[in-house]
């Protein structure tokens, strides 16, 4: 990977952004595999939704965003949407096994 300052044109920039996005999507796929597996350890619909864990996770991601120089509101929305989707999927897996 080139550093941003080593890119000599917009195509270099786009290639690097595409490579990063591919890594992000692959990481989300790995995260989703853990989410689906977590369903087998859950004992109720409430434990799947885990509202306390959800809220603490969002606060932690906000802090990580600030540390990285990113807008915590944007990162919270991204994770709120992503994790709500994952919770819905985990709920399907949990219901299938009960």
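Residue 83 - would you say it is touching a residue at least 12 places away in the same chain (Cβ under 8 Å) and part of a helix (DSSP H, G or I)? So that I can check it myself, show each step before the final result.
Working: touching a residue at least 12 places away in the same chain (Cβ under 8 Å): yes; part of a helix (DSSP H, G or I): yes.
Yes, satisfied.
Being without any contact (Cβ under 8 Å) to a residue 40 or more places away in the chain, touching a helix residue (DSSP H, G or I) at 6+ places or on another chain (Cβ under 6 Å) and surrounded by 10 or more Cβ atoms within 10 Å (Cβ to Cβ): is that true of residue 78 here? Steps first, please.
Details: without any contact (Cβ under 8 Å) to a residue 40 or more places away in the chain: yes; touching a helix residue (DSSP H, G or I) at 6+ places or on another chain (Cβ under 6 Å): no; surrounded by 10 or more Cβ atoms within 10 Å (Cβ to Cβ): yes.
When the stated conditions are applied, residue 78 does not pass them.
Determine whether segment 62-70 contains at least one residue that is surrounded by 11 or more Cβ atoms within 10 Å (Cβ to Cβ) and under 16 Å from residue 96 (Cβ atoms). Even if it seems obvious, please write down each step before you answer.
Initial filter on segment 62-70 (surrounded by 11 or more Cβ atoms within 10 Å (Cβ to Cβ)): 62-66, 70.
After this cut, where a residue has to be under 16 Å from residue 96 (Cβ atoms) as well, the list is none.
Scanning segment 62-70 turns up no residue that is surrounded by 11 or more Cβ atoms within 10 Å (Cβ to Cβ) and under 16 Å from residue 96 (Cβ atoms).
Could you please let me know if residue 2 is surrounded by 12 or more Cβ atoms within 10 Å (Cβ to Cβ), over 17 Å from residue 93 (Cβ atoms), touching a helix residue (DSSP H, G or I) at 6+ places or on another chain (Cβ under 9 Å) and modelled with pLDDT under 95?
yes
The values are calculated or read from the model by the stated rules, or taken from the named source; none is laboratory data. Everything quoted here is computed from the prediction, not taken from an experiment. Every residue, glycine as well, gets a Cβ built from its backbone with ideal geometry; the counts of neighbours run over all protein chains shown.
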